[in-house]
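Report on the structure given below.
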Amino acid sequence: MSEPKKLFIKTYGCQMNVYDSERMAEALGGQGYVETKSPDDADMILLNTCHIREKAAEKVYSELGRFKGLKAEKPDLKIGVAGCVAQAEGQEIMRRQPLVDLVVGPQSYHRLPEMEAKTRTGEKALDTDFPEEDKFEKLKNRPKAKRGPTAFLTVQEGCDKFCAFCVVPYTRGAEVSRPADRIIREAQDLVERGVREITLLGQNVNAYHGAGPNGDMTLAGLIWELNKVDGLERIRFTTSHPNDMTDDLIEAHGTCDKLMPYLHLPVQSGSDHILKRMNRSHTAESYLRLIERIRAARPDILMSGDFIVGFPEESDADFQATLDLVDEVQYGYAYSFKYSTRPGTPAAERPQVDPQVADERLQRLQALITRDQRKIQDSMVGRNVHVLFEKPGRQQGQMVGKSEYLHAVHVADADVAVGALREVRITSSGANSLAGELV
Ligand code: 5AD
Ligand code: SF4
């Protein structure tokens, strides 16, 4: 038998890309590839790119440039670009960087095996179409490898919201939901392979409306179906848009036992003027009222969010409104970004905020968020939480897992296996994690 070929995948960006990279590795596994941790011994290098951050495409080009030496040494090495930069740039990538053999957009991963075969004949392979088929269904004939206790499962892709700063509607395309029965089968399969917690993924996950047995299902409907899967202990989902938080989903947070008390619900800004300019179609007030309703359903829910500071036209008063909103919500986690232009999006054309002012605002916002985050994490001390253990810690005998609130929890001398779900009493709170003892 010949040596297996080696595949090196570098993944950038969101959890959806992590999920996609796993699927790509499995698809190429059928072509005789095994994964390697180093590009140096790879027969194929795939960059699974992200277009959200600034100068994303430029960074991909400079990363590609670094493979020049490798390719010169090893002419059979194939280099591919996947993900949102591949979608956005398309053929341009091969024009600017001739060492690239393959460009594949996020909707075409099921075509990777044939594309790889094409590159082996010395041709280039490009596919950035948006086909009308379920790529994950086409990717599913994979070996039943054991999995860790947590997994992502993509249920929805793309977005129709067109926030004025965001490239997702252009790179991932229109909103598409996968049929519920396929998702449930995939969840059952994951559980058989050792998974106990599933995070449902989608750019706009709570807009989910996949086909079910009696017409379209909501995300809450899907969660209730997954709640019945034996052996599955925990369900999470991300990322949600405030306008798609339907009543049944809010209610599920109070009544569905496997749905975890954690919700990532980006607001982006606390100023109605800026929200309007962002094309967010909600106000600060409607967002705050929504959180009130969610907390009425599940009082201990931990809220998380995303913010953009320095969006075009953001004044000191607009920024103060963001600080006020953060103060009111008390986020357990929040991610904040300085606005940066994405060519082709509406906001790119507008007058930009002075970068120094934006920097200073970002620092102030992050300080406030860190303060709340820390306060909420510290408030766990003395409480009992449930921890799903994921891996051994750095110290001998130590095990690490996540609480229902997604806090990392360390337990010393823990006689528990990876995948165990156990009650833990929290004894102390560190910089980024909690420590506790088994109850
Ligand atoms: N500039 C800064 N942040 C952005 N995000 C998306 N596009 C941009 C941009 N052009 C942030 C948003 C989103 C998160 C994933 O990334 O806050 O929720
Ligand atoms: Fe982008 Fe999210 Fe807005 Fe969709 S809802 S356009 S993914 S920020």
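The values are calculated or read from the model by the stated rules, or taken from the named source; none is laboratory data. Owing to the predicted nature of the structure, the values given are computational and were not obtained by experimental measurement. Neighbour counts are summed over all protein chains in view; Cβ atoms, including those assigned to glycine, are modelled from backbone coordinates with ideal geometry. Only protein heavy atoms, including side chains, enter the accessible area calculation; ligands, DNA and RNA are left aside. Shrake-Rupley method; radii C 1.70, N 1.55, O 1.52, S 1.80 Å.
Candidates Ser62, Ser2: the one that is modelled with pLDDT under 90, hydroxyl-bearing (Ser, Thr, Tyr) and away from ligand 2 (no atom under 16 Å from the Cβ) is Ser2. Note on the stretch 122-154: among residues that are within 19 Å of Cys50 (Cα to Cα) and of a type in the set (A, V, I, L, M, F, W, C), the one that is modelled with the lowest pLDDT is Phe130. Somewhere in the stretch 108-124, is a residue in contact with a strand residue (DSSP E or B) (Cβ under 6 Å, 6 or more places away or on another chain), within 30 Å of Asn279 (Cβ to Cβ), touching a residue at least 24 places away in the same chain (Cβ under 8 Å) and away from ligand 1 (no atom under 16 Å from the Cβ)? Checked the stretch 108-124: at least one residue is in contact with a strand residue (DSSP E or B) (Cβ under 6 Å, 6 or more places away or on another chain), within 30 Å of Asn279 (Cβ to Cβ), touching a residue at least 24 places away in the same chain (Cβ under 8 Å) and away from ligand 1 (no atom under 16 Å from the Cβ).
Quick check: is even one residue across the stretch 283-297 over 23 Å from Phe162 (Cα atoms), modelled with pLDDT of 95 or more and of a type in the set (Gly, Ala, Ser)? Yes: the stretch 283-297 contains one or more residues that are over 23 Å from Phe162 (Cα atoms), modelled with pLDDT of 95 or more and of a type in the set (Gly, Ala, Ser).
A Cβ distance below 6 Å, combined with a sequence gap of six or more or placement on separate chains, defines the contacts here; from the stretch 353-372, residues that are acidic (Asp, Glu) reach residues that are open to solvent by less than 80 Å² (accessible area, probe 1.4 Å) in the pairs Asp372/Gln330; Asp372/Tyr331. Evaluation of Gln91 against the conditions (1) modelled with pLDDT under 90; (2) surrounded by 14 or more Cβ atoms within 10 Å (Cβ to Cβ); (3) assigned by TED's automatic domain parsing to the domain that holds Leu46 shows that the sole unmet condition is (2). Picking from residues in the stretch 26-85 that are among the polar types (S, T, N, Q) and free of Cβ contacts under 8 Å to residues at least 60 places away in the same chain, the one that is most open to solvent (accessible area, probe 1.4 Å) is Ser62.
Listed here are the strands (runs of 3 or more DSSP E) enclosed by the stretch 335-435 that have at least 2 residues being modelled with pLDDT of 95 or more, touching a Gly at 6+ places or on another chain (Cβ under 9 Å) and open to solvent by 30 Å² or more (accessible area, probe 1.4 Å): 384-392, 421-429.
With respect to Asp300, is the statement that it is away from ligand 2 (no atom under 15 Å from the Cβ) and part of a loop (DSSP other than H, G, I, E, B) true?
Judged against the criteria, Asp300 is a match.
Every condition in (1) more than 16 Å from ligand 1 (Cβ to nearest atom); (2) at positive phi; (3) not acidic (Asp, Glu) holds for Gly83 except the one numbered (1). Do we have Phe162 as of a type in the set (Phe, Trp, Tyr) and over 19 Å from the mean Cα position of the chain (by Cα) here? Spelling it out, it is not the case that Phe162 is of a type in the set (Phe, Trp, Tyr) and over 19 Å from the mean Cα position of the chain (by Cα).
If you check Glu186, Glu197 for being out of contact with any helix residue (DSSP H, G or I) (no Cβ under 8 Å at 6 or more places or on another chain) and over 29 Å from His273 (Cβ atoms), only one passes: Glu197.
Evaluation of Thr322 against the conditions (1) in a helix (DSSP H, G or I); (2) open to solvent by 20 Å² or more (accessible area, probe 1.4 Å); (3) polar (S, T, N, Q) shows that the sole unmet condition is (2).
The single condition among (1) hydroxyl-bearing (Ser, Thr, Tyr); (2) farther than 19 Å from Thr341 by Cα; (3) touching a helix residue (DSSP H, G or I) at 6+ places or on another chain (Cβ under 8 Å) that Ser304 does not meet is (3). Open to solvent by 10 Å² or more (accessible area, probe 1.4 Å), within 16 Å of ligand 1 (Cβ to nearest atom) and not basic (Lys, Arg), is that true of His273? Against the criterion (open to solvent by 10 Å² or more (accessible area, probe 1.4 Å), within 16 Å of ligand 1 (Cβ to nearest atom) and not basic (Lys, Arg)), His273 does not qualify. Against the definition (within 22 Å of the chain's Cα centre (by Cα), within 16 Å of ligand 2 (Cβ to nearest atom) and either part of a helix (DSSP H, G or I) or buried (at least 17 other Cβ atoms within 10 Å of the Cβ) (or both)), how does His209 come out, yes or no? Spelling it out, His209 is indeed within 22 Å of the chain's Cα centre (by Cα), within 16 Å of ligand 2 (Cβ to nearest atom) and either part of a helix (DSSP H, G or I) or buried (at least 17 other Cβ atoms within 10 Å of the Cβ) (or both).
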